[in-house]
1. Just how far, in whole angstrom, is region 29-76 from region 199-238 if you go by their alpha carbon centroids?
2. Sort largest first and round to whole Å: the equivalent ellipsoid semi-axes of the chain, each the square root of five times a Cα gyration tensor eigenvalue.
3. Excluding ALA274 itself, what net charge comes from residues whose Cβ is under 15 Å from its Cβ, given Lys and Arg +1 and Asp and Glu -1?
4. Nearest 5 is fine: what % of DSSP beta bridges in the chain come out antiparallel, could you say?
5. Translational diffusion coefficient, Stokes-Einstein: compute it for region 115-246 using the Kirkwood radius over C-alpha pairs as Rh, at 25 °C and 0.890 mPa s, and state it as an integer in µm² s⁻¹.
6. Dividing the Cα convex hull volume of region 236-295 by residue count, how many Å³ per residue is that?
7. How many nm separate the modelled label positions at ALA271 and ARG289, each set 7 Å beyond the Cα in the direction of the Cβ?
8. Given +1 on the Cβ of Lys and Arg, -1 on the Cβ of Asp and Glu, and no further charges, what dipole in debye does region 7-236 carry about its Cα centre, rounded to the nearest 20?
Amino acid sequence: MTLDPGVWGVLATPLTADGSAVDTESLARQVRHYESIGATGLTVLGVFGEAARLTPAERRTVVETVVASSARLPLVIGISALKLDEVVAEAANVLPAVGSRLAGLMVQVNSSDPDALSKHLNEVAERTERPLVVQDYPVITGISIATADLVAAVRAVPSAVAVKSESSPSPPAVAELAAGLDVPIFGGLGGTCLLDELAVGAAGAMTGFSVPEGLLACVAAYRSGGFEAAREVWRDYLPLVNFEFQAGIALGLRKRSLVLRGLITYDAVRAPAAVPPQSMLRLLEEHLRRTPGAL
């Protein structure tokens, strides 16, 4: 079993106006939107979902809300911890709410040594009895692994069903992973390298861009018409993709985009994410007005 190719939307976790609680109504609205536009599946409690800043009870609430809000979409559930016991505890906290909807637990690369990494992943799989999506995101974890070593590690993990590659530069890593593994490779990084990732073998996108209709359009165009067709479609979305992917304020920008699109009610974020300055919020509205289907 592997993850289906396509677009796996990474959900933001909407918060109340003061940021103190999960806004479940907004979360449900976001889920229904992804279902209505034809997403392949959803990624819950990812980096874009501020999972590391949520309490265990809030994480359960998020998963319960997502499951109740979509009748059909399969789910990848993100795990933020790096140590084995903490990974298993995070999984145990939310797995009862997921049931048969789980497509995979997304577990972080926690070692640059391929043998240590494969041992860790196999232990996670054994103790959770669930398939794994391996996420390589060194900016978040602080752990870098050579792509060849990641290939070797994943080859030794029978429970791996996909890799989410978010090391930079992304296209060379995706190309090497796609050539060396039999599981699908998904890009992230806000979609900034989506076109090139598709061109070198990515199965699709797994990211939190605020206009996921663009991700779907690009992937569909690539499937039907190849690089040229996808490039024609994607260039209309790329200015917003790049604008939203600004270090430190990316989450705040994307949440404001979702507010302006009517998909969530408030754009509150939790530290260390920062609130974007007003100058950027005004510019964001200009980008949204020029992005197909955004407003």
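1. 22
2. Values: eigenvalues 149, 108, 60 Å².
For the chain, the semi-axes come out at 27, 23, 17 Å.
3. On the way: positive: ARG53, ARG254, LYS255, ARG256, ARG270; negative: GLU50, GLU244, ASP267.
Charge balance in the 15 Å sphere: +2.
4. Working: 1 of 29 bridges.
Once the DSSP bridges in the chain are tallied, antiparallel ones form about 5 percent.
5. On the way: Rh = 15.3 Å.
Approximately 160 µm²/s, per Stokes-Einstein.
6. Details: hull volume 4.0 nm³, N = 60.
Per residue, the Cα convex hull of region 236-295 comes to 67 Å³.
7. Distance between label points: 3.6 nm.
8. Values: 16 positive and 26 negative charges, 87 e Å.
Charge dipole of region 7-236: 420 debye, to the nearest 20.
The values are calculated or read from the model by the stated rules, or taken from the named source; none is laboratory data. Here the structure is a predicted model, which means the values were calculated and not measured. Cβ sites come from the backbone with ideal geometry, for glycine too, and all protein chains shown count toward neighbours. Accessible surface areas use protein heavy atoms only, side chains included; no ligands, DNA or RNA. Shrake-Rupley method; radii C 1.70, N 1.55, O 1.52, S 1.80 Å.
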